[in-house]
């Protein structure tokens, strides 16, 4: 029950231009695999598979290196620029407007798994084309625990492929709107049970500032978002959650419900650091003491005293 | 620290016409004071102050009587009809359209506090004109714990009066959008701390399907909404939460943080029964065993295992 193992993530690496109520930043290193791997690096040394373009900076490479992220699988495609996303958040941070999405080299991304990654045991299939997710899965020799993400674009456009991936993974982590689109259910419980019927015994519904729900066979665990006075930039929060969750899991190798609860807390903790600054500015400096302090805060935040009715 | 006492609620009694994805119902007994007092009756025998019109039915009076709700303070105004509200919920239940609001006799409502209510110790000032809330407060001899509700209409139109009530209560229970309007803050923590600075040491932010947050001096407690596969009719959920919270408080008389956590759980439990049926159809049949079972479920839902990092 307790066998830690190497963690692989495949997803996007991007440059983000972000505007929130607290300011505007350009050329932030971002993308789902970036936030995931930096968050996971709090617990383990993740292996990254992704692509960047000719504009990828050595300072940005250094961010991965200094966090112990293995970038053997990060391809530099000299034929174009890195994926670039621009977005503006509304005042309440719950809604955002995408200003532009330039896929650039990410459009031609065909994930190659280096031979040194083939023994990965924990695998996170980030939000990419479901056919590519299946392709990656076929190249990992003996995965112990595979989790996936997806988005509306794939659920609408390639539903059958999404369902094929779903039937082959242990877990899916996704936003609740995506969960509703996937199942047609109207409540979180309806969505969770609906997705479980499609295959994975473990479903994590991410709800932004409203926390996240874990469905594990018949059990449910709820973790709130860590209370913050100020949310500076929500970009990457969901990916940081996934990175914390999977990082903890790969480090512990423990698939019991109790430990999956810890994974949820680790996810919520990493997401909370993520949103406290633009891009990776806060997340990149998180150490074990800061994680432990927030864990203790969570215990106090949700502790139910015994009933005396 | 442990002195139970009588609970008073002032608010609306109404007839509701409601349409949700699960059907359409007319002439449902509703209103904030109705949901509050039926929920509170799970724990104590609340005293109700409100007004109904010449159309008020004896069957509806019986609902109060059979739940031990004291209706000495429920005035029957023969000059008009009972407050009537009509609403339609969208498919996802998070938004609703008000079809009509006929205040009827509620428009001229001036709460009179019967002499037998003057010794009330726990007081809930439901969502009425803040000047009337102050008036009620002046008529209760020695209240121990006063909580209030309010809404956007009063925050926008009578902000100064709302602030005067706020400065005289121990607690406010309100929706998070209303909290944002009151404080200008963008996060739940910002709203909670912002309202505390306006007076009350205890703030409860209600967030519908996303649960509720308690701010108690420097401490925070979070309770999720009870997971339900189907939400039939959300009408009255917030008032049922308030009724469960105050009912438990009045029954226990215990103002410690631990017991306020139990109040939050009692609130979330009563709200969960409320939304499982149209109007009072489920809430009216809730007994102590059903409450205990959901309390146990909440313990499992949020239990954090010890950290082994």
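The values are calculated or read from the model by the stated rules, or taken from the named source; none is laboratory data. It should be emphasised that the depicted structure is a prediction, and the values quoted were computed from it without experimental measurement. Backbone-built Cβ (ideal geometry, glycine too); neighbour counts: all protein chains shown.
Scanning region A:210-225 for residues that are facing chain B (nearest Cβ under 9 Å) and in a loop (DSSP other than H, G, I, E, B), we see that the one that is nearest to residue A:172 (Cα to Cα) is A:211. Listed conditions (1) over 23 Å from residue B:241 (Cα atoms); (2) in contact with a helix residue (DSSP H, G or I) (Cβ under 9 Å, 6 or more places away or on another chain); (3) touching a residue at least 60 places away in the same chain (Cβ under 8 Å); (4) surrounded by fewer than 22 Cβ atoms within 10 Å (Cβ to Cβ) are all met by residue B:67, apart from (1).
Looking at B:261, B:303, can you tell me which residue is surrounded by 20 or more Cβ atoms within 10 Å (Cβ to Cβ), more than 30 Å from residue B:15 (Cβ to Cβ) and facing another protein chain (nearest Cβ under 8 Å)?
B:261
Just a yes or no: is a residue in region B:31-53 surrounded by fewer than 23 Cβ atoms within 10 Å (Cβ to Cβ) and farther than 21 Å from residue B:250 by Cα? Yes, that holds for at least one residue. Of the residues A:99, A:134, the single one that is in contact with a strand residue (DSSP E or B) (Cβ under 8 Å, 6 or more places away or on another chain), surrounded by fewer than 20 Cβ atoms within 10 Å (Cβ to Cβ) and at pLDDT 95 or above is A:99.
Restricting region A:243-253 to residues that are facing chain B (nearest Cβ under 9 Å) and under 19 Å from residue B:303 (Cβ atoms), the residue that is surrounded by the fewest Cβ atoms within 10 Å (Cβ to Cβ) is A:252. In region B:264-277, is there at least one residue being at the interface with chain A (Cβ under 8 Å from one of its Cβ atoms), in contact with a strand residue (DSSP E or B) (Cβ under 7 Å, 6 or more places away or on another chain) and either in a loop (DSSP other than H, G, I, E, B) or crowded, with 20+ Cβ neighbours inside 10 Å (or both)? Yes, that holds for at least one residue. With the structure loaded, tell me whether residue A:231 is within 10 Å of another protein chain (Cβ to nearest Cβ), over 23 Å from residue B:299 (Cβ atoms) and touching a residue at least 60 places away in the same chain (Cβ under 8 Å) or whether it fails that test. When the stated conditions are applied, residue A:231 passes them. Residue A:56: crowded, with 18+ Cβ neighbours inside 10 Å and either in a loop (DSSP other than H, G, I, E, B) or modelled with pLDDT under 95 (or both), yes or no? Answer is yes for this residue.
From A:131, A:119, A:92, grab the single residue that is in a helix (DSSP H, G or I) and over 25 Å from residue A:57 (Cα atoms).
Going through A:131, A:119, A:92 in turn, the sole match is A:131.
Results for (1) in contact with a strand residue (DSSP E or B) (Cβ under 8 Å, 6 or more places away or on another chain); (2) closer than 30 Å to residue B:121 by Cα; (3) more than 14 Å from chain A (Cβ to nearest Cβ), shown as yes or no for each residue.
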site	(1), (2), (3)
B:16	yes, no, yes
B:22	no, no, no
B:36	yes, yes, yes
B:61	yes, yes, yes
B:70	yes, yes, yes
B:86	yes, no, yes
B:91	no, no, no
B:94	no, no, no
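Take the conditions closer than 20 Å to residue B:218 by Cβ, touching a residue at least 60 places away in the same chain (Cβ under 8 Å) and within 11 Å of chain B (Cβ to nearest Cβ) and apply them to residue A:297. Does it pass? Criteria met by residue A:297. When A:159, A:186, A:164 are screened for being more than 19 Å from residue B:212 (Cβ to Cβ), more than 14 Å from chain B (Cβ to nearest Cβ) and free of Cβ contacts under 8 Å to residues at least 12 places away in the same chain, only A:159 passes. The set of residues in region A:145-161 being surrounded by fewer than 22 Cβ atoms within 10 Å (Cβ to Cβ) and within 18 Å of the chain's Cα centre (by Cα) consists of A:145, A:151, A:152, A:153, A:154, A:155. Within region A:243-268, the set of residues being under 13 Å from the mean Cα position of the chain (by Cα) and within 15 Å of residue A:226 (Cβ to Cβ) comprises A:244, A:245, A:264, A:266, A:267, A:268.
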